[in-house]
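Structure, as structure tokens:
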Amino acid sequence: MASAGKAGSGDRKDIRRQQLIEATISVIGRQGYAGTRLADVARQAKVSYGVVGFYFKTKEELLFATLKWLADEYTRVWREAVDKAGPSPVSRLRAIIDADFSPKIASEKKIAVWYAFWAEARTRPKYRQLCAELYNDFHWQVRTLIEEIIEQGGYEHLDAHRVTVAVNAMTDGMWLDLQIQPRDFDRQQAKDVIEMYLGQVFPAEFGQVSGATVANDAGAMG
């Protein structure tokens, strides 16, 4: 009975911490990084200021926990998508692109929070290290899939690193579009634009997306 009680207490603590992290995401998304105060987080979470201090000793501890949670969520979502996609590197790469633009990841609020943390990473080594680890892990996975496509398709003239950089840069650009023009943003159009590029690089694997359609869609997004 004692063990069950401890487990229940731990579950409640995890739930409360998650509640505070989600409240922090909402506050940063609405007020920006610099404008976020612990009192705002408490109000958003509908708890007392003391509750926030009980779970997070400082504002910085809460902010870093929030960044860590976002990074873990992002990694979990794209890894699960890859695992469900099957063995084909084309299917797995498409799954990653889909995950990048899923509402769970690419919401207006979460993208705003990511940009807020990226801006702070320049002067905060802990943020910079975590973001670098996240980027390197993702880059390695995308590059591995692209290397497989190059090998299977006989595209020996292509540089896997450069193709990977281009795909990741396009995704970042689409996220910026979502941040700047959220009402005009279309997830499917964003994915189709990336597939248009991949169709030029790997025509046998990604050439089925109509270039004319995507060009029109891209114009509408702009």
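Numbers at a glance
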item	result
Over 19 Å [Cα-Cα, the range 51-101], rounded percent	45 percent
For the range 11-118: rounded, prolate or oblate by the Cα gyration tensor [a/c cutoff 1.5]	prolate
Whole-number percent relative contact order across the chain, with pairs defined as alpha carbons under 8 Å at least 6 apart	15 percent
Relative compactness, the range 23-75, computed as alpha-carbon Rg over 2.2 N^0.38 Å	1.08
Too-long pairs where the Cα-Cα distance tops 19 Å, listed order kept, from K57/K126; K13/K109; K84/K110; K68/K104	K13/K109; K84/K110
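Just so you know, all these numbers are worked out from the coordinates, no wet-lab data involved. Small disclaimer: the values here were computed from a predicted structure and weren't measured.
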